[in-house]
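The values are calculated or read from the model by the stated rules, or taken from the named source; none is laboratory data. Predicted, not measured: the structure shown is a model, and the values here were computed from it. We place every Cβ from the backbone using ideal geometry, glycine too, and count neighbours over all the protein chains shown.
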Amino acid sequence: MNKPSIMLSMLTIMLISGCGEKSRDMSMLKQQGIAAYEAKNFMQAINLCREGLKAEPSDRDFLYYLGVSYAEMDLFDSAMVYIRRAKVLYPRDRDINKQLVQLCPRFKDYDCALRAIAVLIATGDNEKMYWPQLADLNYRVGNLILAVQYYKLALADNPKIANYYLYLSVALGRLGKYDEAIKYLEQSIERFGPNEESYANMGTMYINLRRFDKAEECFRSSLALNPDNISIWINLANILTMSDDREKKLEGLEIYKKYRAQTPAMYNLDSLVPALESELGL
């Protein structure tokens, strides 16, 4: 009379035992995968974690260590697949978001990186740690006002980094704040010495302000530091040929002719040169 209940009890014990064994197997597999990653045996870690995911497709550690192992092998497409999946399941996990801060810009997904930084700040990091990255990422997604704000914070915090002056000036220029952009470029030259890129950017700002004499001066200063920069030569020629001074027009024409073969078609030198020769009666 009691046989059915005895058999049921035995079946229950077997099921419990089976679940426990599976759990132990997964735990051991996970430990082995993490150990392989820490020992820099990334291919082994990948194989172990992939095996684990077959049984536990939502497991945080299998997803994370699979992703970071792929990243260590420079297989960034695969790394992104698993780190993104982990992010969906564990959106506020700090290690997962740290990986996204590194991976997302590789795929030009700057919004993804910004969202990951927001999580890291919300979960305890000081925003100051990310000022340079926030400036760059916001610039790349077109949030120019925020980019300027963060570049200014980064520059105030560490005025010894020359690129901050340059990047800030470019962002200000895109906002149409040319005078302010020039101010930071002048500060950069004063602090770090003459720089071809600073002079070139300053020349561009002066063009937008229609101060062509100052633009010419800046382009010449840039070329004095690097006479091999063809794009700056063409910019200088553009300024010179806009002048009412015949000598400057002739100088601009000679620059066009000198660099004509090396200049991209978008500059239309094949049309500009004969038109300018005709204008000058040559």
Exercise. Between residues in the range 246-269 that are surrounded by 14 or more Cβ atoms within 10 Å (Cβ to Cβ) and residues that are in a helix (DSSP H, G or I) and among the acidic types (Asp, Glu), which pairs lie under 7 Å by C-beta distance while being six or more apart or on different chains?
Worked result: Leu253/Glu277
For this session: Check whether at least one residue in the range 217-225 is aliphatic (A, V, I, L, M), closer than 24 Å to Glu197 by Cα and buried (at least 18 other Cβ atoms within 10 Å of the Cβ), and report yes or no.
Result: yes
Seminar exercise, completed: Of the residues in the range 233-272 that are small (Gly, Ala, Ser) and part of a helix (DSSP H, G or I), the one that is modelled with the lowest pLDDT is Ala265
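Among the residues of the range 56-98, write down those that are among the acidic types (Asp, Glu), in a helix (DSSP H, G or I) and out of contact with any Lys or Arg (no Cβ under 8 Å at 6 or more places or on another chain).
Residues of the range 56-98 that are among the acidic types (Asp, Glu), as a first pass: 56, 59, 61, 72, 74, 77, 93, 95.
This time we only want the ones that are in a helix (DSSP H, G or I), so: 61, 72, 77, 95.
Hits for the range 56-98 are Asp77, Asp95.
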Exercise. Looking at the range 154-182, which of its residues are in a helix (DSSP H, G or I) and surrounded by fewer than 17 Cβ atoms within 10 Å (Cβ to Cβ)?
Worked result: Ala156, Asp157, Ala162, Asn163, Arg174, Asp179, Glu180
Seminar exercise, completed: Listed by first then second residue, the pairs whose first member lies in the range 101-124 and is at positive phi, whose partner is at pLDDT 95 or above, with beta carbons under 9 Å and at least 6 positions apart or on separate chains, are Lys108/Arg140; Gly124/Arg94
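Looking only at the range 99-120, how many residues end up being assigned to a helix (DSSP H, G or I) and surrounded by 16 or more Cβ atoms within 10 Å (Cβ to Cβ)? First the steps, then the outcome.
So the first thing to find is which residues in the range 99-120 are assigned to a helix (DSSP H, G or I), and the list is 99-107, 110-120.
Subsequent filtering for residues that are surrounded by 16 or more Cβ atoms within 10 Å (Cβ to Cβ) retains 99-101, 103-105, 110, 112-117, 119-120.
Result for the range 99-120: 15.
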